[in-house]
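Okay, structure first, notes after.
The values are calculated or read from the model by the stated rules, or taken from the named source; none is laboratory data. Predicted, not measured: the structure shown is a model, and the values here were computed from it. With ideal geometry, Cβ positions are generated from the backbone for all residues, glycine too; neighbour counts draw on all protein chains shown.
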């Protein structure tokens with residue numbers, strides 16, 4: 001796996017080339033990190049396949065190593081050897097780099113009876129409080145609070161199943177409650193649970209370890225606790241956000257690409273929107289094919305939890321609308337700071353007005369290259385897509401953000417015919 005690169009790296013892109021060829025989508029970032037954390041639930045060797053070569057996997061590997069695990073990584077396969085008695089403290093120096101590190105909380109409380117996890121960092125896209133996580137663990141009988149910058153949770157006598165009703169279908173909270181409840185005594189019901197494919201993937205992973213879970217993919221998940229779980233061998237679900245990014249890329253640039261490994265059933269709404277923008281999308285063996293040969297029509301979008309339009313594809317929608325024919329309105333209902341990157345798009349010549357949760361966009365025929373900066377993973381990808389259709393040369397700074405979510409992005413773009421280098 002590539003080592004961490006200095007944040008001075010940037011992408012240099014010359015726009016105007018259509019994308020043609022094929023790409024392969026690997027396992028989902030938003031799933032694999034949670035599977036890695038959940039491996040703590042069973043002592044012994046768990047194997048996770050279809051692992052993307054991204055920086056966040058390295059950070060999570062380091063975190064698990066410090067908790068006492070031994071990790072081997074070989075061409076997309078991780079083997080995690082979990083000790084009989086893991087450590088229980090996740091330090092700030094790692095946790096601040098990645099929000100998903102909070103996912104060790106549920107497994108550690110369930111398995112060791114205690115956890116201390118530093119308050120996480122990650123993307124600058126808004127406040128994602130941990131209240132739901134803490135409240136959920138307390139309902140299951142843990143004593144949980146925030147102390148000196150750490151979430152501290154203890155359950156000396158173990159956890160007991162209960163009914164947890166989430167105010168918002170939080171993905172992270174659903175995951176932490178699920179991974180805590182699998183070893184609790186009795187039945188836990190999560191009401192208003194998140195329904196994302198990543199939740200279903202985690203649930204299937206836990207079931208393969210011996211957990212008893214019903215209702216995955218619905219808003220009510222029921223978990224009957226078991227005494228112990230066993231290690232497992234699991235293949236990570238395909239990354240729907242990367243799939244969506246490629247589909248948006250070809251709709252914006254024109255061309256014809258086959259996206260292998262794609263699971264279209266996880267992207268029904270985004271693909272419908274792209275079809276209304278003018279893309280021709282067909283199912284092929286092992287994935288989808290997306291073709292486009294004219295300027296896209298603008299599309300109105302409002303983000304919502306799954307199965308709604310994913311907030312992680314919002315930057316791609318705004319980038320597409322900035323060069324589309326017509327006016328559009330894009331509404332963000334999940335993260336309040338998603339629109340931070342709009343100022344960078346405006347530097348490329350986009351006509352966008354942001355008012356609270358709404359961005360109103362008037363498409364222009366062509367953007368023009370300029371230096372811009374990525375503030376988070378998806379904003380970085382959205383800016384790269386905009387650069388692919390801009391006249392002249394664009395540089396996108398802070399490339400490391402993009403590495404956190406997109407393995408080998410530069411190489412894949414080059415193989416599709418884009419003029420992009422990393423420096």
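Here's the yes/no breakdown for (1) crowded, with 20+ Cβ neighbours inside 10 Å; (2) under 19 Å from the mean Cα position of the chain (by Cα):
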position: 87; (1), (2): no, no
position: 96; (1), (2): no, yes
position: 113; (1), (2): no, no
position: 143; (1), (2): no, no
position: 164; (1), (2): yes, no
Out of curiosity, is residue 387 touching a residue at least 12 places away in the same chain (Cβ under 8 Å), touching a helix residue (DSSP H, G or I) at 6+ places or on another chain (Cβ under 8 Å) and either over 30 Å from residue 31 (Cβ atoms) or surrounded by 16 or more Cβ atoms within 10 Å (Cβ to Cβ) (or both)?
no
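Determine whether segment 52-62 contains at least one residue that is assigned by TED's automatic domain parsing to the domain that holds residue 113 and free of Cβ contacts under 8 Å to residues at least 40 places away in the same chain.
So far as segment 52-62 goes, yes, one or more of its residues are assigned by TED's automatic domain parsing to the domain that holds residue 113 and free of Cβ contacts under 8 Å to residues at least 40 places away in the same chain.
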So residue 87 clears everything in (1) at pLDDT 95 or above; (2) within 30 Å of residue 323 (Cβ to Cβ); (3) in a loop (DSSP other than H, G, I, E, B) except one condition, right? Which one?
(2)
Are there any strands (runs of 3 or more DSSP E) wholly within segment 196-270 with 1 or more residues that are farther than 30 Å from residue 19 by Cα and either more than 18 Å from the chain's Cα centre (by Cα) or not assigned by TED's automatic domain parsing to the domain that holds residue 82 (or both), and if so which?
212-214, 220-224, 233-235
Residue under evaluation residue 192, criteria (1) at positive phi; (2) touching a residue at least 40 places away in the same chain (Cβ under 8 Å), criterion not met:
(2)
Just the residues that are outside any strand (DSSP E or B) and at pLDDT 95 or above, please, taken from segment 392-408.
392
Select from segment 370-384 the residues that are under 24 Å from the mean Cα position of the chain (by Cα) and surrounded by fewer than 24 Cβ atoms within 10 Å (Cβ to Cβ) and write down the one among them that is modelled with the highest pLDDT.
373
Could we say that residue 291 is surrounded by fewer than 20 Cβ atoms within 10 Å (Cβ to Cβ), touching a residue at least 40 places away in the same chain (Cβ under 8 Å) and under 21 Å from residue 389 (Cα atoms) here?
yes
Sole residue being in the same structural domain as residue 400 (by TED's automatic domain parsing), over 25 Å from the mean Cα position of the chain (by Cα), buried (at least 18 other Cβ atoms within 10 Å of the Cβ) and in contact (Cβ under 8 Å) with a residue 12 or more places away in the chain, chosen from 367, 345
367
Taking into account only those residues within segment 169-187 that are touching a strand residue (DSSP E or B) at 6+ places or on another chain (Cβ under 7 Å) and surrounded by fewer than 22 Cβ atoms within 10 Å (Cβ to Cβ), which is nearest to residue 156 (Cα to Cα)?
185
Failed condition for residue 80, given (1) modelled with pLDDT under 95; (2) surrounded by 17 or more Cβ atoms within 10 Å (Cβ to Cβ); (3) not in a helix (DSSP H, G or I)
(1)
Selected residue (only one of 282, 243, 224, 236 is touching a helix residue (DSSP H, G or I) at 6+ places or on another chain (Cβ under 6 Å) and either surrounded by 22 or more Cβ atoms within 10 Å (Cβ to Cβ) or at pLDDT 95 or above (or both)):
236
Could you look through segment 305-339, keep only residues that are surrounded by fewer than 18 Cβ atoms within 10 Å (Cβ to Cβ) and out of contact with any strand residue (DSSP E or B) (no Cβ under 8 Å at 6 or more places or on another chain), and pick out the one that is nearest to residue 272 (Cα to Cα)?
307
Could you please find all residues in segment 138-153 being more than 18 Å from residue 165 (Cα to Cα), outside any strand (DSSP E or B) and without any contact (Cβ under 8 Å) to a residue 40 or more places away in the chain?
148
In this structure, is residue 101 under 16 Å from residue 30 (Cβ atoms) and touching a strand residue (DSSP E or B) at 6+ places or on another chain (Cβ under 7 Å)?
yes
